[in-house]
Amino acid sequence: MTKRTQLALATSLVAALALGASGCSGTANKGKDGAAPAANPAAANDGKILGGTPVKGGTLTVLSNQDFAHLDPARNWVMPTMDFGTRLLYRTLVTFKAEPGKAGSELVPDLATDLGTPSNGGKTWTFTLKEGVKYEDGTPVKAQDVKYNVERSFAPDLTGGPDYAARYLAGAEGYKGPLQGQHLDSVKTPDDRTIIFELKRPVAEFAATATLPTFAPVPQSQEKGTQYDARPFSSGPYKIETYDRDKKLVLVRNEHWDPKTDTVRKAYPDRFVVMMGLKGGQVDDRIIAGEGADASTVEYQDMRPESAPKVLPKPDVKARLLAESQGCTEMLHLNNSRAPFNDPKVREAMQYAVDKEAVITAGGGPALNEVATAYLPPALSGGKQADTLKIPASGDPAKAKELLKAAGKEKLKVSLAVSTGDKNKAEALQQGLARAGVEVVIDTVDPGAYYDVVGDLSTTPDMSLTGWCPDYPSGSTWIPFVFDGRTIKDKGNQGNNAQFRDEATMKRIDEINAMADAKQANQAWADLDAEIMKKSPSVPILLERKPLLVGPNIAGAYGHPVWTGTIDYGTVGLKDPSKSQG
């Protein structure tokens, strides 16, 4: 058989298994704003809570193939890590409700007493902190500590985190953080429980912005620069006992966390243990078997596509699979800053050259993915993606060759960097592009280092494969981060991996950001998406689900819609703590 034939058979197998499996919950599949995308009969336990209500106690183990990119709240901007950090280690001014489906997108106060009070036409936001919130050493959380972490997010050495503060705060141009003793005048703390943000423009959704780790507290006395990653000072229900990078993280209870101040986190387990560096299908196989201590485990990274035949036909195992819609788009980013992708014709050719069907198969088939036809995910475009270019899902290599010939590039050799876990997808891309005369050299990078590599201009490859997810339900959390050329930095680029700098796009981003009518702005983002598609800085590839297996002793597990279907660590626990080990 040819490789392509094997891929086709694999697609048929996974689709048949999925369609033949037991029906899922009646709750619609939810994106990040609760919009329901097209129905997928293959969804497993979408919107359901598995295992009933947990019992307090025991050790819950997280099995992972990787370390966390960053646990420092100023640097934490990878979806599963944001879930882990903000649910277990530190609290933010505002957070999301601990529920599956649409309800999980609802904002609730966290450190603050409410969702903030806007004034000055939406350019000033004031938050009051709750009384009785304490750090792991028993000292009180103060408004000045939130201000300090917001300021840390500007430090050149503390790269990789959300940059909403830099985008929104007045007078922040050129600011380099507090490590040299300089502070932001636009963040005021008139007393220990009041924090005021002065913005450069009205931001109606600033309460949602305050859910990000940037708005967690860090006392200046605990500052350790880049070393803070290894030991964040806890304001949440757990604190770090030990952290052996790339091997093992152990969390124990923060005895000074007061559940009376926290309506979201339940903190059922006594301990969380994260085991890292597990290879291949080891994690899937251990949780599928669910024996001994592995009965009390969950997995951090996605279930591997090749594990689907071990899971979907077995009702008892499939009942332990979560597959929430991620609300994200995975893209093949083309490096627009240099040849060959500084030529729009070459970029357009790539839109036609890619075989998305093959990539879908490599990613687990239609049970776990669907073809992307635009940049904005369905959750931000009325539940359905646009299809501006109307290219067949398997591509059009003849059209791609025609465009490459017109650009004088009949033969290309380009590099593609992917995370180790995406090697199958990379090979599918490689084979598809070869049909159009594009030779791809694949470089696999350790997952923990991947975003640092592709986000550093000195190591950025010709192509990279990354996804982007809305931080909250607004196009303003998507297109400006992925396609605004002004966001490109020497290091720590998270969104604009295509290095796309286009004056017309940047001008339109500013115009949409200035719109006061949210409905008008949402339509404008969708229209801009179509315009950017024509310029082809990146190729949208697929829309993913988040397939995660849990052990048979796990209770209270569901995929949270905001954190791309990752298990909500604030409410997960064990059925029988006595069966756990560690």
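The values are calculated or read from the model by the stated rules, or taken from the named source; none is laboratory data. The model shown is predicted, which means the values in this text are computed figures rather than measured ones. Because the Cβ atoms are built from the backbone with ideal geometry, glycine has one as well, and the counts that use them run over all protein chains shown. To get the accessible areas, we keep the full protein, side chains included, count just its heavy atoms, and leave off ligands, DNA and RNA. Shrake-Rupley method; radii C 1.70, N 1.55, O 1.52, S 1.80 Å.
If you take the residues of the stretch 517-533 that are open to solvent by 20 Å² or more (accessible area, probe 1.4 Å) and either in contact with a Gly (Cβ under 8 Å, 6 or more places away or on another chain) or among the basic types (Lys, Arg) (or both), which of them is modelled with the highest pLDDT?
The extreme case among them is Ala526.
Take the conditions surrounded by fewer than 19 Cβ atoms within 10 Å (Cβ to Cβ), more than 26 Å from Asn65 (Cα to Cα), at pLDDT 95 or above and in contact with a helix residue (DSSP H, G or I) (Cβ under 6 Å, 6 or more places away or on another chain) and apply them to Ala400. Does it pass?
Details: surrounded by fewer than 19 Cβ atoms within 10 Å (Cβ to Cβ): no; more than 26 Å from Asn65 (Cα to Cα): yes; at pLDDT 95 or above: yes; in contact with a helix residue (DSSP H, G or I) (Cβ under 6 Å, 6 or more places away or on another chain): yes.
So Ala400 fails the test.
Write out, first by first residue and then by second, each pair whose Cβ atoms fall under 6 Å of each other, whose residues are 6+ apart or on separate chains, and whose first residue, in the stretch 340-365, is closer than 17 Å to Ala393 by Cα while the second is open to solvent by 10 Å² or more (accessible area, probe 1.4 Å) and among the charged types (D, E, K, R).
Taking only residues 6 or more apart or on different chains, the pairs are Tyr352/Asp396; Tyr352/Lys399; Val359/Lys425; Ala362/Lys425; Gly363/Lys425.
Is there any pair linking a residue in the stretch 394-410 that is closer than 13 Å to Arg347 by Cα to one that is open to solvent by 80 Å² or more (accessible area, probe 1.4 Å) and in a helix (DSSP H, G or I), with Cβ under 7 Å and at least six apart or on different chains, and which?
Leu403/Lys345; Ala406/Lys345; Ala407/Lys345
If I go through the stretch 304-326 residue by residue, how many of them are closer than 22 Å to Val354 by Cβ and part of a strand (DSSP E or B)?
Residues in the stretch 304-326 being closer than 22 Å to Val354 by Cβ and part of a strand (DSSP E or B): 1 in total.
Suppose we filter the stretch 152-171 for residues that are more than 19 Å from Lys491 (Cβ to Cβ) and surrounded by 16 or more Cβ atoms within 10 Å (Cβ to Cβ); how many remain?
So the answer is 3.
Go through (1) touching a residue at least 40 places away in the same chain (Cβ under 8 Å); (2) crowded, with 16+ Cβ neighbours inside 10 Å one by one and return the number of the condition Lys260 breaks.
Looking at each condition in turn, Lys260 falls short on (2).
Name the single residue that is farthest from Gly364 (Cα to Cα) among those in the stretch 50-66 being modelled with pLDDT of 95 or more, part of a loop (DSSP other than H, G, I, E, B) and not small (Gly, Ala, Ser).
Lys56
Could you list all residues from the stretch 534-562 that are open to solvent by 10 Å² or more (accessible area, probe 1.4 Å) and within 16 Å of the chain's Cα centre (by Cα)?
Scanning the stretch 534-562 gives Leu543, Glu544, Arg545, Lys546.
Looking for something surrounded by fewer than 16 Cβ atoms within 10 Å (Cβ to Cβ), in contact (Cβ under 8 Å) with a residue 40 or more places away in the chain and within 27 Å of Gln494 (Cα to Cα) - is there at least one such residue anywhere in the stretch 180-200?
For the stretch 180-200, residues surrounded by fewer than 16 Cβ atoms within 10 Å (Cβ to Cβ), in contact (Cβ under 8 Å) with a residue 40 or more places away in the chain and within 27 Å of Gln494 (Cα to Cα): present.
Only one residue in Tyr243, Tyr228, Tyr238, Tyr268 is more than 28 Å from Phe127 (Cα to Cα) and either touching a residue at least 60 places away in the same chain (Cβ under 8 Å) or open to solvent by less than 10 Å² (accessible area, probe 1.4 Å) (or both), so which one is that?
Working: Tyr243 fails: either touching a residue at least 60 places away in the same chain (Cβ under 8 Å) or open to solvent by less than 10 Å² (accessible area, probe 1.4 Å) (or both); Tyr228 fails: more than 28 Å from Phe127 (Cα to Cα); Tyr238 fails: more than 28 Å from Phe127 (Cα to Cα).
That would be Tyr268, the only listed residue that is more than 28 Å from Phe127 (Cα to Cα) and either touching a residue at least 60 places away in the same chain (Cβ under 8 Å) or open to solvent by less than 10 Å² (accessible area, probe 1.4 Å) (or both).
Can you pull out every residue in the stretch 453-479 that is closer than 24 Å to Gly174 by Cβ and buried (at least 24 other Cβ atoms within 10 Å of the Cβ)? Show your work before the answer.
Initially, the stretch 453-479 is screened for residues closer than 24 Å to Gly174 by Cβ, giving 455-458, 476.
Ser476 - this is the single residue of the stretch 453-479 that is closer than 24 Å to Gly174 by Cβ and buried (at least 24 other Cβ atoms within 10 Å of the Cβ).
So, Leu543, is that one in contact with a Leu (Cβ under 7 Å, 6 or more places away or on another chain) and either assigned to a strand (DSSP E or B) or over 30 Å from Phe481 (Cβ atoms) (or both) or not?
no
In the stretch 487-499, how many residues are within 18 Å of Arg338 (Cα to Cα), touching a residue at least 60 places away in the same chain (Cβ under 8 Å) and not hydrophobic (A, V, I, L, M, F, W, C)?
Number satisfying all stated conditions: 5.
Look through Thr388, Thr459 and report the one residue that is without any contact (Cβ under 8 Å) to a residue 12 or more places away in the chain, polar (S, T, N, Q) and in contact with a helix residue (DSSP H, G or I) (Cβ under 8 Å, 6 or more places away or on another chain).
Of Thr388, Thr459, the one residue that is without any contact (Cβ under 8 Å) to a residue 12 or more places away in the chain, polar (S, T, N, Q) and in contact with a helix residue (DSSP H, G or I) (Cβ under 8 Å, 6 or more places away or on another chain) is Thr459.
Working only within the stretch 272-305, note down all residues that are acidic (Asp, Glu), touching a Ser or Thr at 6+ places or on another chain (Cβ under 6 Å) and either under 15 Å from Lys247 (Cβ atoms) or open to solvent by 50 Å² or more (accessible area, probe 1.4 Å) (or both).
Once the filter is applied, which keeps residues that are acidic (Asp, Glu), touching a Ser or Thr at 6+ places or on another chain (Cβ under 6 Å) and either under 15 Å from Lys247 (Cβ atoms) or open to solvent by 50 Å² or more (accessible area, probe 1.4 Å) (or both), the stretch 272-305 yields nothing.
Does at least one position in the stretch 424-434 carry a residue that is among the polar types (S, T, N, Q) and modelled with pLDDT under 95?
Yes, the stretch 424-434 contains at least one residue that is among the polar types (S, T, N, Q) and modelled with pLDDT under 95.
Restricting attention to the stretch 500-518, which residues are without any contact (Cβ under 8 Å) to a residue 40 or more places away in the chain and under 25 Å from the mean Cα position of the chain (by Cα)?
Thr505, Met506, Ile509, Asp510, Ile512
Quick one: Met331 ticks every box in (1) crowded, with 22+ Cβ neighbours inside 10 Å; (2) touching a Leu at 6+ places or on another chain (Cβ under 7 Å); (3) of a type outside the set (Ser, Thr, Tyr) bar one, so which box is it?
(2)
Tell me which of these Ala374 doesn't satisfy, since it passes every other one: (1) open to solvent by less than 40 Å² (accessible area, probe 1.4 Å); (2) closer than 27 Å to Ser307 by Cβ; (3) part of a loop (DSSP other than H, G, I, E, B).
So the condition that Ala374 fails would be (2).
Can you tell me which of (1) over 29 Å from Ile488 (Cβ atoms); (2) open to solvent by 30 Å² or more (accessible area, probe 1.4 Å) is the one Gly383 doesn't meet?
Here Gly383 clears every test but (2).
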